[in-house]
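A short write-up of the structure that comes next.
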Amino acid sequence: MDHATRKRSFAKTMTWRILATTDTVIIARLITGSWGAGIAIGGIEIVTKVFLYYLHERGWANLEWGIVRESFVSS
């Protein structure tokens, strides 16, 4: 069975966090009217959610559920 490496999981964690935290900062700014509040909220959630996402990703990387292997017949 193929598995994602820890390095791949970490890279996915960080790229997702950048995108998701940017979204959080913008939404918080729209709700509060303050870039400072948006950045503060984004700063807190980036720390907690990096850790949570990495654990989530590693858990899924260890499951075979939902993975379909196709057989290729060479000509």
Taking region 11-21 and keeping residues surrounded by 13 or more Cβ atoms within 10 Å (Cβ to Cβ), modelled with pLDDT of 90 or more and not small (G, A, S) leaves T21
Taking region 32-75 and the residues there that are under 22 Å from R6 (Cα atoms), among the small types (G, A, S) and exposed (fewer than 12 other Cβ atoms within 10 Å of the Cβ), the one that is farthest from the chain's Cα centre (by Cα) would be G66
From the option list R58, R29, R17, R6, single residue qualifying as of a type in the set (K, R) and without any contact (Cβ under 8 Å) to a residue 12 or more places away in the chain is R29
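The values are calculated or read from the model by the stated rules, or taken from the named source; none is laboratory data. Computed from a predicted model, the values in this text were never measured in an experiment. Note: ideal-geometry Cβ built from the backbone for every residue, glycine included; neighbour counts use all protein chains shown.
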